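The values are calculated or read from the model by the stated rules, or taken from the named source; none is laboratory data. Note that the structure is predicted; figures quoted are calculated from it, not measured. Heads up, the Cβs are rebuilt from the backbone with ideal geometry, glycines too, and the neighbour counts pull from every protein chain shown.
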Amino acid sequence: MDSIRAHLKQVQERIRLAAGSAGRPAAEIALLAVSKTRPVSDISEALEAGQDAFGENYLQEALPKINELRGTAAQWHFIGRIQSNKTRPIAENFDWVHSLDDVRHAQRLNDQRPEGLPPLNICLQVNVDIEQTKGGFLPDQVESAIKAIGKMPRLKLRGLMAIPAPADDFQAQREPFRRLREIRDRLATPELPLETLSMGMSDDIEAAIAEGATIVRVGTAIFGPRNPVVQAH
Ligand SMILES: *Cc1c(COP(=O)(O)O)cnc(C)c1O
């Protein structure tokens, strides 16, 4: 079986090729290793291979891993649904939040971010498919959210994030990513350049990079298929 190190190399190669096709420097695109449902031993293996950014969806699962890996190079990105009564451990333990979709959650994270830590990096999740069931600000809510959150001193608004519905075909995959980029291009200002586009997962990083992704979030292609039982909570 291929090791995590070999998988990381393959994904980096995919990023390099996709960046080349898009005429972009590969260094512009960061790889976030999505380690939800994976044991600490897998994360340690990725750390040893030089991967330092990890994405987690579930607080209960993430906190013991973060504690166990304190003192390592690991950086933690929260990419799951946020519950209002669980913002404090996010504010205290993570470096980034990609899945912010409620200004009230932003206010709580801002108030709860410990003084000794740098401001919490934030991406606003946008519901680019406009599916009622999914998380994220609707496209026409993003501007007012940026205005409110951009002023919060303990948060650093970095950009936008999306989780589009899966599509098989490259052109179909590109469409929602293009919509996210266009929202960013329309709302970016010199004060708030929104330089981060967090988009693309194992099956569609090429399409996301073609549309300007600066962070791709990859789980399966690095760590292998997830255990469906553990994934279900
Ligand atoms: C699980 C997850 C990923 C990674 O998905 P893969 O298909 O395993 O690469 C990326 N982003 C979010 C928000 C996720 O929940």
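Odds and ends about this structure:
- Filtered by the rule that a residue be over 20 Å from the mean Cα position of the chain (by Cα), closer than 12 Å to Ile209 by Cα and among the small types (Gly, Ala, Ser), segment 2-56 gives Gly20, Ser21, Ala22, Gly23.
- Annotation note: of Arg88, Arg38, Arg24, the sole residue that is at pLDDT 95 or above and within 16 Å of the ligand (Cβ to nearest atom) is Arg38.
- Phe137 meets each of the listed conditions (1) aromatic (Phe, Trp, Tyr); (2) free of Cβ contacts under 8 Å to residues at least 60 places away in the same chain; (3) out of contact with any helix residue (DSSP H, G or I) (no Cβ under 6 Å at 6 or more places or on another chain) apart from (3).
- Selection status of Thr220, over 30 Å from Gln112 (Cα atoms) and in contact (Cβ under 8 Å) with a residue 12 or more places away in the chain: yes
Residue by residue, here is whether (1) among the acidic types (Asp, Glu); (2) touching a Gly at 6+ places or on another chain (Cβ under 9 Å); (3) surrounded by 14 or more Cβ atoms within 10 Å (Cβ to Cβ) holds:
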{"site": "Gly150", "(1), (2), (3)": "no, no, yes"}
{"site": "Pro153", "(1), (2), (3)": "no, no, no"}
{"site": "Pro164", "(1), (2), (3)": "no, no, yes"}
{"site": "Phe170", "(1), (2), (3)": "no, no, no"}
{"site": "Leu180", "(1), (2), (3)": "no, yes, yes"}
{"site": "Ala188", "(1), (2), (3)": "no, yes, yes"}
{"site": "Glu191", "(1), (2), (3)": "yes, yes, no"}
{"site": "Leu194", "(1), (2), (3)": "no, yes, yes"}
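- Glu143, sole failed condition from (1) touching a helix residue (DSSP H, G or I) at 6+ places or on another chain (Cβ under 8 Å); (2) part of a loop (DSSP other than H, G, I, E, B); (3) surrounded by fewer than 19 Cβ atoms within 10 Å (Cβ to Cβ): (2)
- Assessment of segment 41-55 against the conditions (of a type in the set (Phe, Trp, Tyr) and under 28 Å from Lys147 (Cβ atoms)) yields no matching residue.
- Arg104 meets the stated requirement of being touching a helix residue (DSSP H, G or I) at 6+ places or on another chain (Cβ under 8 Å) and away from the ligand (no atom under 15 Å from the Cβ).
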